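First up is the structure itself, then whatever we jot down about it.
Taken together, the values in this text are just the output of simple stated rules run on the coordinates, not laboratory data. Note that the structure is predicted; figures quoted are calculated from it, not measured. No Cβ is skipped: glycine too gets one built from the backbone with ideal geometry, and neighbour counts run over all protein chains shown.
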Amino acid sequence: MARVSTAITKRAGLIVNPRAGRGAGKGLALAEKLKDDPLIKILILEQFGQLESELRKMATEGVTDLFISSGDGTIQAILTILAEHRPFSTPPRVGLLPHGTTNLSARDLGFRNRSLDAQADFLRKCEALDVITRHTIRCANPADGMVRHGMFVGTGAVAEATRYCQTAFNEQGMKGQLAVATTLLRGVAQHLLSEPQPGDDTRFDRPFAITVETEDQRLTDGPQLLQMSTTLSQLVLGARPFWGGGHGMIRTTVLPFPVPSVLRWILPVMYGGANRATPPGAVSFRSDEVKVTTRTMFVIDGEFFQPPENEPLQMNTGPSFSFIKG
């Protein structure tokens, strides 16, 4: 008796946010290369409101590999729909193309080859040789009631610095790691040259009331510099500011206020090993649940939202996705 093949035919879908990278046009150029291929489903995203219906169309048309040409905010919106509304009976593999401004998620999980010709050739063949699985962080109860799934969530100085980077540099044409490095240098220089002023909201190095809890204990309370949680293995500038023990998919670090010596601790915190020395009051751990109480805005993959009013923000390990790296 002849064997019946059960192999699934791979078919690519491409979502392009034409405003990604401040309109750099990489996604549109890739779509132009692929426009005559009838097997590739292409969506030029004009309105975020069309995302869910278009993803459902891609699912019915047999898309198995979903490539996203955008920045971190669009990736977060797509992952949220895939996780919460499940338009695909079997989740598609996800290819993150680094066509945005900062590309936080794509630097860790994205497609390695930046050549548009190589990307186009890959979408035609869909023969992945390197796939990595990673969970999202599910933010269950933001103030606007909209559940969000992302790869990085932070508050305090990290949210303020992200907003500053976007307005002072990204909107003026400076992108990527250069903009991030310039923002970091600005914050460090300001801290070294003048004493922190707790009421000065133009500074990153000021106290933020942040309480952090896990499933079974309160880990920090009172004034902190920042909180950040991620399922990525590295952040901007290749930093790995996570250590400590525990189990779970979410890595969380909280840095204290007053700010410890920047010159003494910045490199160990950002790039130290598992047994690194850490500043007094700093906390880092792994878990599947994190609760953060604050009145300060949060940033999730480059997008901002307000915390719930009378309860902590509830973060949990979300579903896993398979990301195509090459």
Subject >> Contour minus Cα-Cα distance for GLU303 and SER320 (0.36 nm per residue) >> reply: 4.0 nm
Original post:
If you take every DSSP beta bridge whose two residues both sit in the chain, what share of them, in percent to the nearest 5, is antiparallel?
Top reply: 70
Subject >> Ordering of 244-252, 194-202 by burial proxy (mean other Cβ atoms within 10 Å per residue, highest first) >> reply: 244-252, 194-202
**OP:** List the relative contact order of the chain as a percent without decimals, with contacts defined as Cα pairs under 8 Å and 6+ residues apart.
**Re:** 21
**OP:** Please give the FRET efficiency for THR202 paired with GLU32, using the beta carbon to beta carbon distance and R0 = 45 Å, rounded to the nearest 0.05.
**Re:** 0.55
Original post:
For LYS291, which aspartates and glutamates qualify as cross-link partners when the Cα separation must be under 15 Å and same-chain residues fewer than eight apart are set aside?
Top reply: GLU213, GLU215, ASP216, ASP221, GLU309, GLU311
Original post:
For MET270 and ARG295 in the same chain, what is the full-extension length gain: residue separation times 0.36 nm, less their Cα-Cα distance, in nm?
Top reply: 6.4 nm
Original post:
What is the spin-label model distance, in nm, from ASN113 to MET174 if the labels are put 7 Å beyond Cα along the C-beta direction?
Top reply: 3.4
Original post:
How would you classify the range 191-242 from its alpha-carbon gyration tensor, with a ≥ b ≥ c the square roots of the eigenvalues: rounded for a/c under 1.5, else prolate if a/b is greater than b/c, otherwise oblate?
Top reply: oblate
Original post:
Rounded, prolate or oblate: which one fits the range 225-326, using the alpha carbon gyration tensor with axes a ≥ b ≥ c (rounded when a/c is under 1.5, else prolate when a/b beats b/c, else oblate)?
Top reply: oblate
Subject >> Ordering of 230-241, 209-220 by burial proxy (mean other Cβ atoms within 10 Å per residue, highest first) >> reply: 230-241, 209-220
Subject >> Ranked by how many other beta carbons lie within 10 Å on average, peptides 73-80, 34-41 from highest >> reply: 73-80, 34-41
Subject >> Restraint check, LYS57/LYS125; LYS35/LYS125; LYS26/LYS57, Cα-Cα greater than 19 Å >> reply: LYS57/LYS125; LYS26/LYS57
Original post:
With each pseudo-label sitting 7 Å past Cα toward Cβ, what's the GLU46-SER261 distance in nm, one decimal?
Top reply: 5.9
Original post:
What is the range 43-140 by shape, rounded, prolate or oblate, if you read a ≥ b ≥ c off the alpha carbon gyration tensor as root eigenvalues and call it rounded for a/c under 1.5, prolate for a/b larger than b/c, and oblate otherwise?
Top reply: rounded
